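The values are calculated or read from the model by the stated rules, or taken from the named source; none is laboratory data. Bear in mind the structure is a predicted one, so any value in this text is a computation, not a measurement. Reconstructed Cβ throughout: ideal geometry from the backbone, glycine too, with neighbour counts over all protein chains shown.
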Amino acid sequence: MNLTLQILNDAQAVAGCAADLIAAQVQEKPDSRLLVATGQTPMATYEELARRAESGAVDFSRAWAVQLDEYSGLAEGDPRSLKGWMERSFVVPLGVGNVLPLTEPAAYDRELAALGGIDLAILGLGPNGHLGFNEPPSPPDAPTRAVQLTPESLASNRAYWPGQAVPTGAVTAGMSTILAAQRVLLLVTGEHKRDILQRALHGPETPLLPASFLRRTALTVIADRAAWC
Ligand code: PGA
């Protein structure tokens, strides 16, 4: 196992530490391909990176934001689009120069392969152990594909869109794409993630908990105390 674990006091400290790691990646390789999660967990990290980009401390203009997942069946411009969320929270505020959207799985995989794959995957941990929308069960070779969301994911995604329906279908970067990343950064905050994080790191590797396969990667987990002890 190639695991680096950082347990920090709170979500703000997690954001600072994660921003250090992402900024270092882009300073070392300005045209890095970054797989970019949405969800609540990485938002503080992206805000910290935006501050650093604005101050000139790091330059994302040659980097790639590669979309991790998207709901199916949304009309152009639907406010629930995860691409829209990625653009608002990451691409625009950081000044990221290039975007690889996820709409059609085969085209996405082809374009990503032509770019050379993912340098750094920035991921949150689903309450059911999903990564992107690789819902349980997802084997490690699951390709980029269309999926149906589980009841757990529908419930957790409801918090993102108060008063609106959560789409029931999605497309997701495959487990195979995520596990082929040069490095993976998993961000975990909050007591409600404690049990799933322990199982992901110390339980059996199983398609029933897709995040358990991250132990096969060069993995950095940055978590707050609430998610750890
Ligand atoms: P969260 O979502 O960051 O909003 O907790 C993580 C996920 O569902 O992948």
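The residue that is farthest from Thr4 (Cα to Cα), among those in region 143-186 that are of a type in the set (Lys, Arg) and in a strand (DSSP E or B), is Arg145.
Answer yes or no: is there a residue in region 97-112 that is under 18 Å from Val184 (Cα atoms) and within 15 Å of the ligand (Cβ to nearest atom). No, that holds for no residue.
Scanning region 119-161 for residues that are of a type in the set (Ser, Thr, Tyr) and more than 10 Å from the ligand (Cβ to nearest atom) yields a total of 3.
Contact annotation: residue pairs with Cβ atoms under 8 Å, 6 or more positions apart or on different chains, pairing a residue in region 1-24 that is part of a strand (DSSP E or B) with a partner that is among the small types (Gly, Ala, Ser), are Asn2/Ala218; Leu5/Ala223; Gln6/Ala223; Ile7/Ala223; Leu8/Ala223.
Condition test on Thr41, is it outside any loop (DSSP other than H, G, I, E, B), among the hydroxyl-bearing types (Ser, Thr, Tyr) and modelled with pLDDT of 95 or more? It is false that Thr41 is outside any loop (DSSP other than H, G, I, E, B), among the hydroxyl-bearing types (Ser, Thr, Tyr) and modelled with pLDDT of 95 or more.
To keep it simple, each residue is scored yes or no on (1) surrounded by fewer than 20 Cβ atoms within 10 Å (Cβ to Cβ); (2) of a type in the set (D, E, K, R).
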site: Val36; (1), (2): no, no
site: Pro105; (1), (2): yes, no
site: Asp119; (1), (2): no, yes
site: Asn128; (1), (2): yes, no
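Quick one: would you say Arg62 is of a type in the set (D, E, K, R), touching a residue at least 60 places away in the same chain (Cβ under 8 Å) and either touching an Asp or Glu at 6+ places or on another chain (Cβ under 9 Å) or assigned to a loop (DSSP other than H, G, I, E, B) (or both)?
Numbers: of a type in the set (D, E, K, R): yes; touching a residue at least 60 places away in the same chain (Cβ under 8 Å): no; either touching an Asp or Glu at 6+ places or on another chain (Cβ under 9 Å) or assigned to a loop (DSSP other than H, G, I, E, B) (or both): yes.
Judged against the criteria, Arg62 is not a match.
Return the residues of region 61-82 that are of a type outside the set (S, T, N, Q) and within 18 Å of Asn134 (Cβ to Cβ); say none if nothing qualifies.
Our first condition is that a residue be of a type outside the set (S, T, N, Q); within region 61-82, this holds for 62-66, 68-71, 73-80, 82.
Result: Val66, Leu68, Asp69, Glu70, Tyr71, Leu82.
The set of residues from region 47-77 being farther than 21 Å from Asp119 by Cα and either of a type in the set (Ser, Thr, Tyr) or touching a Ser or Thr at 6+ places or on another chain (Cβ under 6 Å) (or both) comprises Ser55, Tyr71, Ser72, Leu74. Condition check for Glu191 on (1) within 13 Å of the ligand (Cβ to nearest atom); (2) in contact (Cβ under 8 Å) with a residue 60 or more places away in the chain: one failure, at (2).
Quick one: is Gly56 assigned to a loop (DSSP other than H, G, I, E, B), out of contact with any Leu (no Cβ under 8 Å at 6 or more places or on another chain), at pLDDT below 95 and more than 12 Å from the ligand (Cβ to nearest atom)? Considered against the rule, which asks whether it is assigned to a loop (DSSP other than H, G, I, E, B), out of contact with any Leu (no Cβ under 8 Å at 6 or more places or on another chain), at pLDDT below 95 and more than 12 Å from the ligand (Cβ to nearest atom), Gly56 comes out as no.
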